[in-house]
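Step one of this worksheet: look at the structure below.
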Amino acid sequence: MQRVYNFSAGPSMLPLPVLEKAAADLVCYGDSGMSVMEMSHRSPAFEAIITEAEALLRQVMSIPDNYKVLFLQGGASTQFAAVPLNLMVNRKADYILSGQFSTKAYKEAQKYGDVAVAASSKEDNFSFVPATDRSSFRPDADYVHICFNNTIYGTKYPYIPDTGDIPLVADMSSCIISEPVDVSRFGLIYAGAQKNMAPAGLTVVIVREDLIGNARPETPAMLDYKLMADNGSMYNTPPCWPIYMAKLVYEWILSIGGLEEMKKRNEKKAALLYDYLDGQDYYKAPVRKESRSMMNVTFVTGDADLDKKFASEAAAEGLKNLKGHRSVGGMRASIYNAMPYEGVEKLVAFMKEFAARNPK
Ligand SMILES: *Cc1c(COP(=O)(O)O)cnc(C)c1O
């Protein structure tokens, strides 16, 4: 069977060269005589894989030396609890609500201390990322939490919010390694890997060293960043296979020219889709222009039946998983790193043809 263009929000497409490399090494990795899936995580072969994966991610993202890189489990959702447990030293944190995931993170944090909403775009159905300045935050907050790219609504911060001396914590699950970011502007970055980095099962945490080591006593060992950092992410069995796959993805990004080139490709894909959306009136893009995501593009016809027809007919053409999130409706095209330009070209061609065939 032929591979389709998979617009799923996650798990999502992986680069074809990565899948092919993984397939070639699937049964026998190097001279180990076994699959990476069968290896002890304490074996020299796997030790080399995880060490290399970390070194490559540091190179890809230009992560400063005073940051720890952790390969964890539990998904981004587990970080909703791990962040307050580790960072809420004074039991105070401020959250910006820009969508469902940041709201979930906020609700989880409320279990652990005094948590305030610094800004929210809920009233406008999260169609933009709310603006803030330093005065939006409590000076004694332990951190400010944001979701950098809102997967469900298709919005993203076009800048890094200024929080002064308060550490900024960002959920980057759906935009990590899509473009260069200045890691030094953040206290902590976390991401579930299954959107843009690897298969499901891996969560990456990048955290400034001075922010760890103060976890509250009741913190489960598995959520204690210090314990994980001291053990090289191998306090227990790490998600070995997704770490190996992430390493292949980092190698692929470096092979094409790193995040500068990745950004160019992603911008080109997003521009093709947004330019088309802006030049017609059959489909509407519900989010504000200045908050548009480069990774998740949402659009609607304005007619729920037509939206449904669109998603099912597109799927029949090999353009899969375009149905919007159940809470938003309409369509969502997730065009992560691994989505080729041709996939977006095919999508735009289909959109034109569908509009011509289904007058409103
Ligand atoms: C998908 C997603 C999550 C949830 O990730 P899990 O790994 O399933 O827990 C959280 N935040 C954002 C921004 C996401 O896109």
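The values are calculated or read from the model by the stated rules, or taken from the named source; none is laboratory data. Note that the coordinates shown come from a computational prediction; the quantities given were computed from them, not determined experimentally. Note that we place each Cβ from the backbone using ideal geometry, even for glycine, and neighbour counts take in every protein chain shown.
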Original post:
Do you know which of the residues in the range 70-92 that are among the polar types (S, T, N, Q) and either more than 13 Å from Leu188 (Cβ to Cβ) or more than 16 Å from the ligand (Cβ to nearest atom) (or both) is surrounded by the most Cβ atoms within 10 Å (Cβ to Cβ)?
Top reply: Asn86
Original post:
Just to be sure, is Glu179 out of contact with any Cys (no Cβ under 6 Å at 6 or more places or on another chain), within 16 Å of the ligand (Cβ to nearest atom) and of a type in the set (Asp, Glu)?
Top reply: yes
**OP:** Identify, by number, the condition in (1) assigned to a helix (DSSP H, G or I); (2) crowded, with 17+ Cβ neighbours inside 10 Å that Lys268 doesn't meet.
**Re:** (2)
Original post:
Taking the range 200-242, which residues are among the aliphatic types (A, V, I, L, M), within 23 Å of Gly187 (Cα to Cα) and within 16 Å of the ligand (Cβ to nearest atom)?
Top reply: Leu202, Val204, Val205, Ile206, Met222, Leu223
**OP:** Could you list, in sequence order, all residues of the range 178-205 that are among the β-branched types (Val, Ile, Thr) and surrounded by fewer than 24 Cβ atoms within 10 Å (Cβ to Cβ)?
**Re:** Val181, Val183
Subject >> Within the range 138-162, considering residues that are assigned to a strand (DSSP E or B) and more than 16 Å from Ser293 (Cβ to Cβ), the one farthest from the ligand (Cβ to nearest atom) >> reply: Val144
Original post:
Could you give every pair whose Cβ atoms fall below 6 Å, whose first residue belongs to the range 129-142 and is under 12 Å from Ile96 (Cβ atoms), and whose second residue is among the acidic types (Asp, Glu), counting only separations of at least 6 or pairs across chains?
Top reply: Phe137/Asp94; Ala141/Asp94
Original post:
Mind checking which residues of the range 105-118 are within 16 Å of the ligand (Cβ to nearest atom) and either modelled with pLDDT under 95 or charged (D, E, K, R) (or both)?
Top reply: Lys107, Glu108
Original post:
Hey, among the residues in the range 221-236 that are closer than 19 Å to Ser77 by Cβ and touching a residue at least 40 places away in the same chain (Cβ under 8 Å), which one's surrounded by the fewest Cβ atoms within 10 Å (Cβ to Cβ)?
Top reply: Met222
Original post:
Could you say which residue among Ser135, Ser102, Ser127 is assigned to a helix (DSSP H, G or I) and either in the same structural domain as Lys289 (by TED's automatic domain parsing) or more than 16 Å from the ligand (Cβ to nearest atom) (or both)?
Top reply: Ser135
